[in-house]
Amino acid sequence: MKKFFALLLALVMVLSLAACGGNSSNTTPDTNTNTNTNTNTNTDTNTENTDSNTENTTPDTVYTIKFTYTIADGEPITECVHKLGENLEAKSGGRIKCEYYPSAELATDAGGFELCAQGSNVIAFALPSYLTPYVADVGVVERPFIFNSKDDLITVDTSDWMEGIRAKLSEQGIRNLSLSWYFGTRHLTYTGDTPVLTPADLSNKLMRAAPTATSVKMMEAMGAKVTTTPWSEIYSALQQGVADGCEAPLSTLYNSKTQEVCKNISLDGHTIASWGVCTSEKFFQSLPEDLQQLLIDETRALAPMAAELVSQGEQDAIKLFEDAGVKIYDNVDVDAFREACAIFDDSIPGWGEAVYNEIQAIINK
């Protein structure tokens, strides 16, 4: 009997082990198959979600604008250049990025406007006379003694006449954003021991003028012989005697260190100068409409800041010049210089007395 129960127990254990082995072989493949299917489904879903998220979170195009100007950073008006860049970057939500190229690092004055005409992503800052190869009439705003005050710049810049000039510039590939950034009132500085108080006192002096018809004809009308040394070379030209003097706003003269060579300044105030702020028409049209308007609005909104900063810089410069041993002559015969420049209108190709009279009518409304 004991042997019978022992045999029966052994048989039960064998059958139990066989049953366990069969269940294991049936369930394992099914589990693996389900796992693989679930993994593939999740991968596809994640891929779709990633693609969808990428499309939804792609940032707007970032437009890089290169600011080019030939004066050095540190002059009062260059604060407006950097303020313009800061405002454009902030108010565009980062869609505009600005780079700065002072001291002709990127282009000369004429070269900056040429880059605009060629379609480059630049904003060029330079005297309006550098725009005369594209539209001759615009040079009239640099005519000596045409403006009575810096406020006249904004009056002309917001006139129908200026809108006509802008339309012509656009046809040449240049989008003018503003012509009312006050650059400073221009005066004479020179070497020697005798003051320049009348046009006759300039007859023996070789004066630097910008390489534009407006600037050259002005200095000739004022009685000087003329050389067109680039402004970036003005210090060495004065130091080496290539030029006896030059004319520019006081802050520009001081920051260019002319006081180390020229020990005289005559406050004749022959030109109330502005900066032409321009970009490329092609680049401008590539911008979304809201950024186009931002560019216009922010540039024009800074005109009062430019006037304030440059005016303060002019006041500060007088004392700096005196401290540097420069003689300041404020008893210039301005009427004699104004009369000498009366022939100016007929000497510039492309515009004459009619354009001058049109500007006077705008100012005197």
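The values are calculated or read from the model by the stated rules, or taken from the named source; none is laboratory data. The shown structure was predicted, so the numbers you read here are calculated from the model rather than taken from an experiment. Because the Cβ atoms are built from the backbone with ideal geometry, glycine has one as well, and the counts that use them run over all protein chains shown. Quick note on the areas: whole protein, heavy atoms, side chains included, nothing else; ligands and nucleic acids left out. Shrake-Rupley method; radii C 1.70, N 1.55, O 1.52, S 1.80 Å.
Are any residues in segment 276-296 among the small types (Gly, Ala, Ser) and open to solvent by less than 20 Å² (accessible area, probe 1.4 Å), and if so, which ones?
Selection gives Gly276, Ser280.
Which pairs do you get when a residue that is on the phi > 0 side of the Ramachandran plot, found in segment 321-335, comes within reach of a residue that is surrounded by 12 or more Cβ atoms within 10 Å (Cβ to Cβ), reach meaning Cβ atoms under 7 angstrom, with the pair 6+ apart or on two chains?
Matching pairs, first to second residue: Gly325/Lys263.
Any idea which of (1) crowded, with 19+ Cβ neighbours inside 10 Å; (2) aliphatic (A, V, I, L, M); (3) assigned to a loop (DSSP other than H, G, I, E, B) is the one Ile234 doesn't satisfy?
Condition (3) is where Ile234 drops out.
Is there any pair linking a residue in segment 182-199 that is within 14 Å of Val326 (Cα to Cα) to one that is in a strand (DSSP E or B) and open to solvent by 20 Å² or more (accessible area, probe 1.4 Å), with Cβ under 6 Å and at least six apart or on different chains, and which?
Within 6 Å, the pairs are His187/Leu267; Pro195/Tyr329.
Tell me which residues, restricted to segment 73-103, are over 16 Å from Ala124 (Cβ atoms) and assigned to a loop (DSSP other than H, G, I, E, B).
Gly74, Ser92, Gly93, Gly94, Arg95
Scan segment 181-216 for residues that are among the hydroxyl-bearing types (Ser, Thr, Tyr), out of contact with any Leu (no Cβ under 9 Å at 6 or more places or on another chain) and crowded, with 18+ Cβ neighbours inside 10 Å and jot them down.
Thr198
Quick check on my filter: what residues within segment 315-358 are open to solvent by less than 30 Å² (accessible area, probe 1.4 Å), at pLDDT below 95 and under 31 Å from the mean Cα position of the chain (by Cα)?
Residues satisfying the conditions are Phe344, Asp345, Ile348, Trp351, Gly352, Val355.
Quick check: is even one residue across segment 273-283 farther than 19 Å from Thr64 by Cβ, of a type in the set (A, V, I, L, M, F, W, C) and either at pLDDT 95 or above or touching a Leu at 6+ places or on another chain (Cβ under 8 Å) (or both)?
yes
Looking only at segment 161-171, which residues are touching a residue at least 60 places away in the same chain (Cβ under 8 Å), surrounded by fewer than 20 Cβ atoms within 10 Å (Cβ to Cβ) and not hydroxyl-bearing (Ser, Thr, Tyr)?
Of everything in segment 161-171, just one residue is touching a residue at least 60 places away in the same chain (Cβ under 8 Å), surrounded by fewer than 20 Cβ atoms within 10 Å (Cβ to Cβ) and not hydroxyl-bearing (Ser, Thr, Tyr), namely Trp161.
Somewhere in segment 252-275, is a residue more than 22 Å from Asp201 (Cβ to Cβ), basic (Lys, Arg), over 20 Å from the mean Cα position of the chain (by Cα) and open to solvent by 30 Å² or more (accessible area, probe 1.4 Å)?
Yes, some residue in segment 252-275 is more than 22 Å from Asp201 (Cβ to Cβ), basic (Lys, Arg), over 20 Å from the mean Cα position of the chain (by Cα) and open to solvent by 30 Å² or more (accessible area, probe 1.4 Å).
Go through segment 97-126 and give me each residue that's open to solvent by 20 Å² or more (accessible area, probe 1.4 Å) and either touching a residue at least 60 places away in the same chain (Cβ under 8 Å) or at positive phi (or both).
Listed by number, the residues that qualify are Ser103, Ala104, Thr108, Asp109, Ala110, Leu115, Ala117, Gln118, Gly119, Ser120, Asn121.
Starting from segment 299-313, keep only residues that are closer than 13 Å to Ile272 by Cα, then list their pairs with residues that are of a type in the set (D, E, K, R) and open to solvent by less than 20 Å² (accessible area, probe 1.4 Å) whose Cβ atoms are within a distance under 9 Å, requiring at least 6 positions of separation or different chains.
Val310/Glu75
Among Leu177, Leu238, Leu197, Leu188, which is among the aliphatic types (A, V, I, L, M) and under 19 Å from Tyr69 (Cβ atoms)?
Of Leu177, Leu238, Leu197, Leu188, the one residue that is among the aliphatic types (A, V, I, L, M) and under 19 Å from Tyr69 (Cβ atoms) is Leu177.
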